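What follows is a single structure, written as structure tokens, with notes after it.
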Amino acid sequence: MIRLNIEKMPVLPQVMSGILRLGDDNDTSFSDLEKLIQADMTVSTMILKVANSPLYARNGSIKSLKQAIALLGFKLVRSMVVLASTKSIFADGKYEKFRKYVWKHSIVTAILAKAVGQRKGSNRNIQEEAFVGGLLHDIGKVILNAHDRKLFIEAMNLSLEKEISFVEAEQKLFGFDHQMAGKAAVQKWNLPYPFDIIAGSHENLAANSINGDVKENEVFYLAAYANHISKLLGYGHKGDIFSEDAAILESKLNITAEDRKFFLQELPPQLKQDEFFKFCVTLV
């Protein structure tokens with residue numbers, strides 16, 4: 001069995017780390033958010049570009065970060081900054097399978113988590129938290145790739161060829177899986193709840209039961225359900241689909257047959273026309 005080397009974990013980007021620890025969208029948080037974004041020219045440029053896009057700009061051009069944050073909203077800007085920062089964490093996985101089964105899957109899961117929240121009437125803050133949770137849910141795979149890229153590729157190939165889950169393949173080759181690695185990383189980075197349970201318990205929910213009521217764990221359930229749906233839609237490894245998960249999550253989120261039809265049939269073509277979705281996938 002290989003031991004997980006905590007010291008080999010990637011360093012969380014400073015801007016992303018600071019933003020994930022910010023409180024609610026009060027005046028102080030807005031000010032802190034602006035300062036953090038200003039520290040990263042790439043992120044600053046991206047925020048201004050999105051704010052001036054046809055999707056958001058209405059009257060005149062947005063020339064300052066303060067204007068951009070006011071227009072887009074605290075939570076959306078935070079999600080976008082995390083998205084941009086996450087790209088650097090995924091940077092070591094430049095091979096095709098990693099981009100498809102980890103990076104693109106994570107982006108689609110994030111977008112779906114927000115969409116499920118919108119559909120089910122979650123408040124805006126919950127939707128944005130779910131978006132970030134979707135981005136970070138498979139962070140453990142990034143850790144395994146950084147830990148031993150050759151062995152992780154072997155685990156991916158084993159999973160794809162044998163049509164078994166990544167968890168099972170990782171356990172066979174590493175002696176631990178991406179959920180264990182993800183939870184360890186989130187704890188090391190001292191990220192706030194619920195990112196620890198999202199990274200550590202999003203697969204095989206029958207074995208990873210989460211205590212507490214639905215409202216308390218709503219962000220987790222949204223991210224986990226989005227993870228499930230994204231695989232059904234082909235954005236991920238279908239060998240990773242745990243049949244019990246759908247029933248558990250649909251019960252927790254009160255997903256109806258009409259909802260399921262919307263997520264699997266009506267939403268995908270809408271997403272492909274969505275400007276934010278198009279922007280997200282250009283990052284892969």
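The values are calculated or read from the model by the stated rules, or taken from the named source; none is laboratory data. Because the structure is a prediction, the values reported are computed rather than measured. Cβ coordinates were reconstructed from backbone atoms using ideal geometry, including for glycine residues, and neighbour counts include every protein chain displayed.
Miscellaneous remarks
- Restricting the range 35-52 to residues that are at pLDDT 80 or above and among the polar types (S, T, N, Q), the residue that is farthest from LEU65 (Cα to Cα): ASN52
- Search result, residues across the range 118-143 that are over 14 Å from the mean Cα position of the chain (by Cα), modelled with pLDDT of 90 or more and in a helix (DSSP H, G or I): GLN118, ARG119
- So ASN123, is it among the polar types (S, T, N, Q), under 30 Å from GLN273 (Cα atoms), out of contact with any helix residue (DSSP H, G or I) (no Cβ under 8 Å at 6 or more places or on another chain) and assigned by TED's automatic domain parsing to the domain that holds LYS278: yes
- Every condition in (1) surrounded by 12 or more Cβ atoms within 10 Å (Cβ to Cβ); (2) closer than 30 Å to LEU151 by Cα; (3) modelled with pLDDT under 90 holds for SER243 except the one numbered (1).
- Residue check, ASP196 surrounded by fewer than 24 Cβ atoms within 10 Å (Cβ to Cβ), touching a residue at least 12 places away in the same chain (Cβ under 8 Å) and within 13 Å of the chain's Cα centre (by Cα): yes
- Residue within the range 135-156 that is charged (D, E, K, R), surrounded by fewer than 22 Cβ atoms within 10 Å (Cβ to Cβ) and closer than 22 Å to ASP259 by Cα present: no
- Selection from the range 157-172 of residues that are part of a helix (DSSP H, G or I) and either of a type in the set (S, T, N, Q) or touching a residue at least 60 places away in the same chain (Cβ under 8 Å) (or both): ASN157, SER159, LEU160, LYS162, PHE166, VAL167, GLN171
- Filtered residue count, the range 213-270, keeping only those that are of a type in the set (Val, Ile, Thr) and touching an Asp or Glu at 6+ places or on another chain (Cβ under 8 Å): 1
- Just so you know, in the range 209-240 the residues that are of a type in the set (S, T, N, Q) and under 19 Å from the mean Cα position of the chain (by Cα) include one that is modelled with the lowest pLDDT, and it is ASN217.
- Scanning the range 127-176 for residues that are of a type in the set (Phe, Trp, Tyr) and farther than 15 Å from THR86 by Cβ gives PHE152, PHE166, PHE174, PHE176.
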